[in-house]
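All remarks here apply to the structure that follows.
The values are calculated or read from the model by the stated rules, or taken from the named source; none is laboratory data. Since this is a predicted model, take the numbers as computed values, not measurements. Cβ placement follows ideal geometry from the backbone for every residue including glycine, while neighbour counts extend to all protein chains displayed.
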Amino acid sequence: MSDLHVLMLSWEFPPRVIGGLAAHVYDLSRALVRRGLSVDVVTCDFPGALKYEEIEGVHVYRTDAYTVPSPDFASWALLMNLSLQKQAIETMKKEENEVDLIHAHDWLSAPAGIAIKHITRKPLVATIHSTESGRRNGLHNDYQRMIHEIEWWLTFEAWRIICCSYFMRNQVHNLFGTPVGKIDVIPNGVDGQKLALSFNREEIRSRFAAPWEKIVLFVGRLVPEKGVNILVGAVPKVLKAYPNVKFVIVGDGYMRKALMDDAHMLGVYHKIYFTGFLDDQLLRMLYRSADLGVFPSLYEPFGIVALEAMAAGLPVIVSDTGGFSEIVDHDVNGIKVPPNNSDALAWWIIRVLSDPSYSDWLRHNALKKISEVYDWDEIARKTRLVYERVLREYEASTWKGFKSI
Amino acid sequence: MRAIVLTWEYPPRIIGEMANRVKTLADALVKRNVEVHVVTFDDWRVGLEVDNNVIIHRISNPVRTHTSILTWALTLNIEMERVVADIYYNAHGKVDIVHAHDWLCVPAAVGLKHALQIPFVLTIHSTEDYRSHGSTTPFNLAIKSIEWNGLYEATKVIVHSQEMMMEVLMGYRVPESKIAVVPITAPLWIDKILDIYSSARGGKNE
């Protein structure tokens with residue numbers, strides 16, 4: 001199957017970036033093209049973006065994102081899927097080489113994916129990046145239950161499901177009753193190229209800390225599930241043993257004021273720098289300049305932040321939860337601490353900061369794992385294996401269309 | 001001729017007037033040797049039934065919880081497309097016409113038209129402008145946009161009265177020549193429907 005042709009459905013694709021999905025589909029589709037596949041991406045339009053363009057071999061079709069007013073986000077999403085479906089069908093008709101399978105990402109492109117599957121009788125593969133129940137910490141109203149059921153529908157209709165971690169696989173299994181054997185786990189990737197910047201490290205460090213201070217970096221939304229308060233709680237304990245350190249907290253959220261008050265109360269406000277949002281470029285330079293990354297999340301479906309830090313050559317301390325547990329091997333390529341425990345966190349921060357050769361060992365092993373597991377070419381290889389398996393099963397089945405649309 | 005009728009209500013599930021009108025249509029078509037497949041929602045009687053030679057496919061909505069009839073209809077239409085696609089492939093692609101009734105079946109009809117080149121005609125029993133006194137909220141506007149899309153994509157629009165024709169004409173800017181007024185009480189009404197079907201198929205008769 002050298003001319004394998006996949007059509008991807010995603011509600012976001014650069015320059016339309018809303019969450020992490022846009023970057024995922026962007027990186028995955030380009031990596032698949034590098035592996036010799038033909039890839040069409042059908043997505044929503046964006047002001048200034050072209051209706052059609054080719055990006056590193058990926059054919060990107062942007063369609064009207066249904067601009068008629070709609071009562072809520074879910075209704076809009078369902079209406080937008082009518083546009084996605086129409087564009088996908090148009091694309092599939094036009095192409096000289098037949099589309100072999102459809103790949104939908106999350107519930108936001110589920111209706112279009114399911115309809116196209118049946119109308120064209122092509123197999124559907126779906127990636128579940130996160131679940132409504134996970135995002136909302138349970139299902140609390142009919143709106144959330146409806147989205148939850150659309151997610152179930154997608155897992156039911158898909159030939160195979162891809163999840164980015166075993167944590168997510170188990171969640172999908174528990175929430176939707178999907179057999180574990182129907183789910184393939186392919187981790188998310190990180191694009192190391194973007195981190196390969198040339199810049200003045202001392203200059204960047206000087207913007208955030210004094211020359212004699214080590215930089216401990218946190219990146220994330222300032223919301224309870226990210227556990228920033230645990231980091232703030234650990235700061236005085238660290239300073240007692242290791243005073244020359246600055247804690248840089250990047251990101252924003254509704255807990256910011258409360259965290260600042262905590263820092264004041266603990267008498268360490270001068271040692272914590274709340275930067276707010278930073279632009280991507282500066283953040284990458286900061287990753288490359290800091291001494292330690294600390295991510296004490298309480299809930300983490302995948303944990304791309306740890307990957308980015310590791311790929312930048314930053315030793316990391318993460319909490320032993322969700323996707324983090326799978327990314328980091330404790331005491332080998334990073335540190336795992338029990339969630340919600342600032343004492344343990346402080347102990348390990350001191351340990352890593354005070355032993356540069358240990359820190360180097362973690363850093364070195366992390367980079368090795370990144371290049372072996374979280375590399376987009378490796379992810380594309382695994383994804384292709386899923387496609388090939390689906391197509392083998394499809395070829396052997398009696399469920400087929402009879403004309404090439 | 002093989003026709004697929006899409007309706008959200010069909011006896012014994014009767015919500016309004018539409019159910020019995022559609023049944024009258026299906027029964028009359030069968031008498032004129034049309035193979036009629038009715039695809040309809042009926043949560044309590046899901047499955048296949050042949051009633052007086054009308055083949056009735058009763059389906060449910062895979063998504064059980066909804067916040068409005070809009071989300072309900074949009075997900076149901078995907079399931080309708082699945083069932084019609086199955087009819088289509090079982091019939092080796094020989095489906096001549098889709099006849100949709102009201103906005104509740106428009107997305108499926110439009111999707112099938114584009115993908116499988118099955119022409120469709122749309123009967124408008126009532127309009128959102130009328131039901132909601134002018135479609136002012138986002139909810140009503142979204143429904144109206146679906147109606148408008150159906151009126152735009154359909155090959156022919158069928159209404160039951162002059163009054164309804166004026167509503168469609170004025171509220172949705174549909175050219176008069178695209179609308180046929182065919183009350184099911186009129187003499188020879190089924191001949192008119194069959195004429196509309198065959199012209200929608202490009203004048204092919206069987």
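Within the range B:25-79, which residues are in a loop (DSSP other than H, G, I, E, B), of a type in the set (S, T, N, Q) and either touching a residue at least 40 places away in the same chain (Cβ under 8 Å) or within 13 Å of chain A (Cβ to nearest Cβ) (or both)? Within the range B:25-79, B:60, B:61, B:65, B:67, B:68 meet the criteria. Residues in the range B:101-146 that are more than 8 Å from every other protein chain (Cβ to nearest Cβ), under 12 Å from the mean Cα position of the chain (by Cα) and assigned to a helix (DSSP H, G or I): how many? Residues in the range B:101-146 being more than 8 Å from every other protein chain (Cβ to nearest Cβ), under 12 Å from the mean Cα position of the chain (by Cα) and assigned to a helix (DSSP H, G or I): 6 in total. Could you tell me which residue of the range B:80-93 is farthest from the other protein chains (Cβ to nearest Cβ), considering only residues that are of a type in the set (A, V, I, L, M, F, W, C) and assigned to a helix (DSSP H, G or I)? Looking at the filtered set, the residue picked out is B:87. In the range A:372-405, the qualifying residues are those that are among the hydroxyl-bearing types (Ser, Thr, Tyr) and closer than 17 Å to residue A:117 by Cβ, and the one that is farthest from the chain's Cα centre (by Cα) is A:398.
Of the candidates A:172, A:245, A:185, the single residue that is of a type outside the set (Gly, Ala, Ser), assigned by TED's automatic domain parsing to the domain that holds residue A:156 and touching a residue at least 40 places away in the same chain (Cβ under 8 Å) is A:172. Is it the case, given these coordinates, that residue A:284 is under 20 Å from the mean Cα position of the chain (by Cα), among the basic types (Lys, Arg) and in a helix (DSSP H, G or I)? So residue A:284 fits the description; yes.
Here A:86, A:93, A:117, A:122 are screened, and the one residue that is part of a loop (DSSP other than H, G, I, E, B), more than 21 Å from the chain's Cα centre (by Cα) and within 14 Å of chain B (Cβ to nearest Cβ) is A:122.
The condition (being of a type in the set (Val, Ile, Thr), modelled with pLDDT under 95 and surrounded by fewer than 23 Cβ atoms within 10 Å (Cβ to Cβ)) is satisfied by just one residue among A:250, A:223: A:223.
All of (1) assigned to a helix (DSSP H, G or I); (2) without any contact (Cβ under 8 Å) to a residue 24 or more places away in the chain hold for residue A:143 with one exception: (2). One residue is enough: does the range A:210-217 have a residue meeting the conditions in contact (Cβ under 8 Å) with a residue 12 or more places away in the chain, under 30 Å from residue A:137 (Cβ atoms) and crowded, with 18+ Cβ neighbours inside 10 Å? Within the range A:210-217, one or more residues are in contact (Cβ under 8 Å) with a residue 12 or more places away in the chain, under 30 Å from residue A:137 (Cβ atoms) and crowded, with 18+ Cβ neighbours inside 10 Å.
Please go through the range A:57-79 and give me each residue that is at the interface with chain B (Cβ under 10 Å from one of its Cβ atoms) and assigned to a helix (DSSP H, G or I), ordered by number.
A:74, A:75, A:76, A:77, A:78, A:79
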